[in-house]
1. Can you find a residue in the range 81-100 that is of a type in the set (A, V, I, L, M) and out of contact with any helix residue (DSSP H, G or I) (no Cβ under 7 Å at 6 or more places or on another chain)?
2. I need every pair where a residue in the range 116-129 that is closer than 20 Å to Val4 by Cβ and of a type outside the set (Ser, Thr, Tyr) has its Cβ under 8 Å from the Cβ of a residue that is open to solvent by 40 Å² or more (accessible area, probe 1.4 Å) and assigned to a loop (DSSP other than H, G, I, E, B), sequence separation at least 6 or different chains.
3. With respect to Tyr58, is the statement that it is of a type in the set (Phe, Trp, Tyr), open to solvent by 20 Å² or more (accessible area, probe 1.4 Å) and touching a residue at least 12 places away in the same chain (Cβ under 8 Å) true?
4. Can you tell which of Ser36, Ser32, Ser44, Ser17 is in contact with a strand residue (DSSP E or B) (Cβ under 7 Å, 6 or more places away or on another chain), among the polar types (S, T, N, Q), within 27 Å of Phe118 (Cα to Cα) and at pLDDT below 80?
5. Hey, can you tell me all the residues within the range 100-118 that are open to solvent by 70 Å² or more (accessible area, probe 1.4 Å) and either farther than 16 Å from Ala8 by Cα or of a type in the set (Lys, Arg) (or both)?
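The values are calculated or read from the model by the stated rules, or taken from the named source; none is laboratory data. Quantities reported herein were computed from a predicted structural model and do not represent experimental measurements. Methodologically, a virtual Cβ is constructed for each residue, glycine included, from the backbone with ideal geometry; neighbour enumeration extends over all protein chains shown. SASA here: full protein model, heavy atoms, side chains in, ligands and nucleic acids out. Shrake-Rupley method; radii C 1.70, N 1.55, O 1.52, S 1.80 Å.
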Amino acid sequence: MSRVMLIAADKPLPLCSHCEVRTKTVVVEGTSHTISFPHGFQLSDHSYYRSCVDGFGYSMKPYQYGLDLAPNETDLTHLKNYLSENFSCGEQAELWSLWVSDLPGRTPLRSRIPLSAFTMGSLEQLLNADDLCITVTI
């Protein structure tokens, strides 16, 4: 089971990355390996579990992008700036947090808030929810 984070919109959006590369040392059978991975705000093609998300049958805006965020003020600022720069006043973006599992019949919680009310608490709610869609009005 995995979590999928998405931004869904009524129009195409530019991909972007404000993430930093982090390294981690992993020990496997007595041998240590260093791996690098991106960490922080990033918007990418929605390919991770795309068929599973499509199979949920949720009513989503047609343009969907993978969203990576860290639970900090920097990524909150990156997200809010991205939404302000790529949406006009009155447009809406859907922020999705979906738990991909084999449990049928789930219904995601939905909420609507203006961008000005999207706070660190909103970001933490999004990052910790199993199935949630926050529709943000710019």
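1. Scanning the range 81-100 turns up no residue that is of a type in the set (A, V, I, L, M) and out of contact with any helix residue (DSSP H, G or I) (no Cβ under 7 Å at 6 or more places or on another chain).
2. Leu123/Pro71; Glu124/Pro71; Leu127/Pro71
3. yes
4. Within the list Ser36, Ser32, Ser44, Ser17, the selection yields Ser17.
5. Asp102, Leu103, Pro104, Gly105, Thr107, Arg110, Arg112, Ser116
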